[in-house]
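Heads up: the structure comes next, in structure tokens.
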Amino acid sequence: MNWFLGHLDEVGSLMATHAVLASAPLLAGLLLAIPLGWLARRYRLLRTPLIVGTGLLYTIPSLALFILMPLVLGTGILDPLNVVVALTVYTVALLVRTVSDGLASVPDDVLQAASAMGIGRVSRFFKVELPLAVPVISAGLRVAAVSNVSIVSVAALLGIAQLGSLFTDGFARNYLDPIVVGILACIALALVFDLLIVTLTKAATPWLRVGSPA
């Protein structure tokens, strides 16, 4: 506790950087996964290649991917962009199937009713299909958020400063306090992400609260 109180500014700065490195890929990955998930849902021939293909991306070891990114992007080894792009790849890998399954969960009679009302395909997707798929997509997004918070820490091995730096510093000095603080900070950050996603999901699906107990 004394170590934490004496390093509040450092921990706060590392936590803020960690939050950005974990959240930016979450948003980018979701934006990429939505059209890919729609293609997997809309065209049966594309479903297996897209879902299996993107799923295989998650099998790439994170440290190897962080090291590979500078070669692909032409960036420096310490550039945070490497982490953002690598985690975007992992987020897409997790969310394509989730988006496809979410869209598949929308009842056919709802889609038919929307079409009968004269709603075009594009408008139907954004006004009917995607909103109704939000609960399923949200569940996958919560998993991806926690995963990102965890994987970002690995980048500390390359010298990219964030909460994982507390782990490497603690191990290097054989000092437990920063390691414990880093673990607790990562857990706290993951819980904040999860709570934020749950809150946004409830705001985006007000019909689910109709008739629910106060």
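The values are calculated or read from the model by the stated rules, or taken from the named source; none is laboratory data. It should be emphasised that the depicted structure is a prediction, and the values quoted were computed from it without experimental measurement. Quick reminder, even Gly has a Cβ in these numbers, built from the backbone with ideal geometry, and neighbours come from all protein chains shown.
For V180, the conditions (1) assigned to a helix (DSSP H, G or I); (2) out of contact with any Phe, Trp or Tyr (no Cβ under 6 Å at 6 or more places or on another chain); (3) surrounded by 20 or more Cβ atoms within 10 Å (Cβ to Cβ); (4) modelled with pLDDT under 95 are fulfilled apart from (3).
Quick grid of which residues meet (1) closer than 18 Å to A139 by Cβ; (2) in a helix (DSSP H, G or I):
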{"residue": "L27", "(1), (2)": "yes, yes"}
{"residue": "L68", "(1), (2)": "no, yes"}
{"residue": "L71", "(1), (2)": "no, yes"}
{"residue": "G76", "(1), (2)": "no, no"}
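For the range 164-184, filtering for residues that are within 14 Å of W3 (Cα to Cα) and either under 18 Å from the mean Cα position of the chain (by Cα) or of a type in the set (S, T, Y) (or both) leaves 1. The criterion of at least 2 residues that are touching a residue at least 60 places away in the same chain (Cβ under 8 Å) and within 30 Å of T59 (Cα to Cα) is met, among helices (runs of 4 or more DSSP H) falling completely within the range 79-125, by 80-104.
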